[in-house]
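Computed from the coordinates by the stated procedures, all read-outs in this text should not be read as laboratory data. On a predicted model such as this, the values are computed, not experimentally measured, just so you know. Cβ coordinates were reconstructed from backbone atoms using ideal geometry, including for glycine residues, and neighbour counts include every protein chain displayed.
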Amino acid sequence: MTKSGIPEPLSSDEIGRYARHIVLSEIGGPGQQKLKAARVLIIGAGGLGAPLIQYLAAAGVGTIGICDDDTVSLSNLQRQIIHTTDRIGEAKTQSAAAAVAALNPHVNVIRHDLRLTAENAPYLLKGYDLMADGSDNFTTRYLSADMAEQARIPLVTGAVGRFDGSVTVLKPYEQSPDGRLLPGYRDLFPEPPPEGMVPTCAEAGVLGAVTGVVGTLMAMEVIKLVTGAGEPLVGRLLLYDGLSARFDIVRYKRPVSAG
């Protein structure tokens with residue numbers, strides 16, 4: 001956006017780059033300008049974050065914040081396709097920023113080389129329009145949901161395990177047409193499972209392509225939220241079973257007693 005609030009015009013290079021978006025009536029020039037003005041914070045530059053970052057950068061999201069405190073390791077490369085062999089040992093944010101720069105020079109990357117905490121979240125979220133959580137642990141997922149709700153910005157959250165995954169969109173600070181508050185993360189998952197009950201990816205394994213499917217679905221939800229195209233997965237949990245090639249939808253609501 002310009003200082004006057006008028007969307008920045010697209011350059012001739014951007015018009016050529018995003019031509020296949022611009023001809024879509026649901027996106028068009030105005031939608032592409034919204035993508036250019038958007039500021040999205042991504043939690044995690046791993047299996048889900050990799051395709052999410054790539055597709056948002058390719059789509060022309062103007063500012064992408066990447067929050068991750070890890071470095072690239074050999075075992076990451078089977079699924080974290082934004083990283084490469086020659087970047088082993090680099091900070092994941094640095095590796096991801098280099099990949100974005102090579103893909104789309106019109107995208108500004110802000111690196112946050114740290115782990116999301118209750119203390120730093122308010123600072124991190126400042127200035128972002130939307131958050132997408134691709135973390136691999138329950139502590140961060142619940143924290144991301146709480147912090148996005150407090151900041152009153154939409155959250156796209158995804159998870160994977162072995163051969164399956166899920167995606168949903170949270171806007172618990174808004175009301176549904178019937179006047180009820182939209183559901184939050186705890187309306188879907190009231191509390192995290194006991195520690196050790198759900199094995200980590202390192203313990204149970206995960207098929208790399210599954211993270212690609214779910215991360216790409218997350219990117220689609222971000223693009224819908226930014227442009228206003230389609231119907232985001234609010235109050236709907238999209239489930240993907242890779243072995244049976246099946247998608248299912250589970251609908252959920254905020255309990256009446258919750259307000």
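If the condition is being over 30 Å from Glu203 (Cβ atoms) and either surrounded by 14 or more Cβ atoms within 10 Å (Cβ to Cβ) or in contact (Cβ under 8 Å) with a residue 24 or more places away in the chain (or both), then segment 162-190 contributes Lys171, Pro172, Tyr173, Ser176, Arg180, Leu181, Leu182, Pro183.
Do we have Ala121 as buried (at least 19 other Cβ atoms within 10 Å of the Cβ), at negative phi and without any contact (Cβ under 8 Å) to a residue 24 or more places away in the chain here? Don't jump to the end; show me each part of the working.
Numbers: buried (at least 19 other Cβ atoms within 10 Å of the Cβ): yes; at negative phi: yes; without any contact (Cβ under 8 Å) to a residue 24 or more places away in the chain: no.
When the stated conditions are applied, Ala121 does not pass them.
Anything in segment 230-241 that is in contact with a helix residue (DSSP H, G or I) (Cβ under 8 Å, 6 or more places away or on another chain) and buried (at least 17 other Cβ atoms within 10 Å of the Cβ)? List them, or say none. Scanning segment 230-241 gives Pro232, Leu233, Leu237, Leu238, Tyr240.
The residues in segment 146-184 that are more than 12 Å from the chain's Cα centre (by Cα), of a type outside the set (Asp, Glu) and over 18 Å from Ile223 (Cβ atoms) can be counted, and the count is 21.
Counting only helices (runs of 4 or more DSSP H) that sit completely within segment 2-83, those holding 1 or more residues that are surrounded by fewer than 17 Cβ atoms within 10 Å (Cβ to Cβ) and at positive phi correspond to 28-37.
Segment 108-196 holds helices (runs of 4 or more DSSP H) entirely within its bounds, and those carrying 3 or more residues that are small (Gly, Ala, Ser) map to 138-151.
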